Amino acid sequence: MTYGYMDKPAEISDKPVEQREEFIEALRSLQVIFSLPITGALDRNTLAVMRQPRCGVKDSVNYKILKFSVLGRWRKNHLTYRIQNYTPDMIRSEVEKAIQTVFKYWSDVTPLTFQAIKSGQADIVILFARGSHGDNMRFDGPGRTLAHAFIPEDGRAHFDEDETWTEGTPQGTNLRLVAAHEIGHVLGLGHSKIYSALMAPFYSGYNPQISGYTQMT
């Protein structure tokens with residue numbers, strides 16, 4: 001339910017949850033999408049994927065044709081962004097450089113341009129927060145959901161402060177990589193079923209260069 005594979009809890013039944021058809025079908029969908037053996041069961045491979053740290057945005061996939069959709073678009077090409085607060089895990093200049101680099105990734109492959117502002121209303125707002133933070137998408141502590149973002153023209157990108165945010169090291173959770181993914185959502189992209197793509201929902205660990213990924217989306 002959290003990530004879009006079931007619309008509602010499994011119906012009350014004498015069967016264990018793992019034997020109910022809607023639960024089995026949800027597992028099959030996930031297994032097909034991420035190229036796992038299609039067992040319809042909570043086997044080792046499926047659990048390993050499900051337990052990976054990931055983005056909190058739902059996997060907006062059409063299960064019949066396995067096509068991930070564009071979720072929205074901005075009606076202008078020049079967008080402003082503001083970092084509303086800063087994680088104490090990094091010095092401010094490191095956060096600003098990481099976020100600036102992220103927007104350059106996207107300006108290099110789109111017709112969009114981005115401008116940082118220090119105050120006032122921005123198109124895109126970056127926030128670090130813990131637990132419930134006013135958007136009905138509660139963070140869940142270290143690991144699991146790392147961040148989430150909202151499609152155009154909302155512009156919010158939120159990062160779980162219970163993570164240890166870093167840059168330039170395989171330790172902790174890499175802010176630049178996660179932010180590049182979340183800004184993809186802010187620009188209107190859904191998740192990719194290509195595991196090595198930037199827009200895949202799972203955090204794959206530190207990578208010095210985004211160009212190391214097979215494709216952005």
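Observations on the structure shown:
- Within segment 160-184, tally of residues that are assigned to a strand (DSSP E or B) and closer than 16 Å to Tyr206 by Cβ: 4
Results for (1) touching a residue at least 60 places away in the same chain (Cβ under 8 Å); (2) among the basic types (Lys, Arg); (3) crowded, with 21+ Cβ neighbours inside 10 Å, shown as yes or no for each residue.
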site	(1), (2), (3)
Gln100	no, no, no
Thr113	no, no, no
Ser132	no, no, no
Pro142	no, no, no
Asp162	no, no, no
Asn174	no, no, yes
Ala179	yes, no, yes
Gly190	yes, no, yes
Ile194	no, no, no
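- Within segment 78-109, being hydrophobic (A, V, I, L, M, F, W, C) and not in a loop (DSSP other than H, G, I, E, B) holds for Leu79, Ile83, Val95, Ala98, Ile99, Val102, Phe103, Trp106, Val109.
- Residue check for Ala122: open to solvent by less than 60 Å² (accessible area, probe 1.4 Å), over 22 Å from Gly72 (Cα atoms) and hydrophobic (A, V, I, L, M, F, W, C): no
The values are calculated or read from the model by the stated rules, or taken from the named source; none is laboratory data. Owing to the predicted nature of the structure, the values given are computational and were not obtained by experimental measurement. All Cβ positions, glycine included, derive from the backbone under ideal geometry; neighbour counts span all protein chains shown. Just so you know, the surface numbers come from the protein's heavy atoms only, side chains and all, with ligands and any DNA or RNA stripped out. Shrake-Rupley method; radii C 1.70, N 1.55, O 1.52, S 1.80 Å.
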